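Have a look at the structure below, then the notes.
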Amino acid sequence: MKFQIGDKVSVLDDDISGVIVAITHDIASVETADGFVLEFNSKELIENKSFSNAIFSNTGLKDVIKQKELPMKKQPVKRRPKERNQATMEVDLHIHKLTNSEKYMTNYEMLTLQLDTAKRQLEFAMKKRIQKLVFIHGVGEGVLKMELETLFRRYDNIKFYDADLQKYGNGATEVYIFQNIKPN
């Protein structure tokens, strides 16, 4: 790089800067702010270009401030059309919905009836290619929920998770059935 006397420069590998006071061949004499004159090869120097005030002008500053002060609009959650329009099959596993006379049933019999209903509805949904099911099991002590999770783990082509909290509360599990699974 060609330097001239009076150029403001910095040393590349050192924390030294100053003004070129003399140039002989490829060697530049640099006077530091402390008044020392040091000699460097021109390949070791880089020119300090002063920034013009035009770069930092505040002509666009008002526009930027206005843009920042505008209230941010909430962006709607984007969902694929397939997910948005997909019907969800609901299966209510509360015992009073499954039988008329639970009065004389033991806890084991009630749980068995609920699990059989869940399995039957799950297989029905698979056969009819329904992708989403919500099993409403209630909160209770969590026995039915744990048994349902055990049932769901037996299937390779489904995933399950807690259903929409606003719509169902804590007492529902949503099941997603993957379609077009290729057999091994």
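Values quoted throughout were computed directly from the atomic coordinates according to the rules given, and no laboratory measurement underlies them. A quick note: this is a predicted structure, and the numbers were derived from the prediction, not measured. A quick note on method: Cβ atoms are made from the backbone with ideal geometry, for glycine too, and the neighbour counts reach across all protein chains shown.
Which of E44, E102 comes first, and how do the rest follow, when ranked by fewest Cβ neighbours within 10 Å?
E102, E44
Can you figure out the FRET efficiency of L111 with K159, using R₀ = 30 Å and their beta-carbon distance, to the nearest 0.05?
0.80
Just how far, in whole angstrom, is segment 123-184 from segment 1-44 if you go by their alpha carbon centroids?
74
In whole angstrom, how long is each semi-axis of the equivalent ellipsoid of segment 82-177, when you take the square root of 5 times every eigenvalue of its Cα gyration tensor and sort them from largest down?
Over the Cα atoms of segment 82-177, the semi-axes work out to 23, 15, 13 Å.
So what are the ³J(HN,Hα) numbers for segment 30-45, from phi and the Karplus equation (6.51, -1.76, 1.60; θ = phi - 60°), rounded to whole Hz, Gly and Pro as x?
10, 9, 7, 5, 7, x, 7, 10, 10, 9, 9, 5, 5, 6, 8, 10
Evaluate the relative contact order of segment 82-177 (contact order divided by residue number), counting alpha-carbon pairs under 8 angstrom at least 6 apart; express in whole percent.
31
May I ask you to compute the full-extension gain from Y104 to T88, defined as 0.36 nm times their residue separation minus their alpha-carbon distance, rounded to one decimal in nm?
Working: separation 16, 0.36 × 16 = 5.76 nm, distance 3.32 nm.
Gain on stretching Y104 to T88: 2.4 nm.
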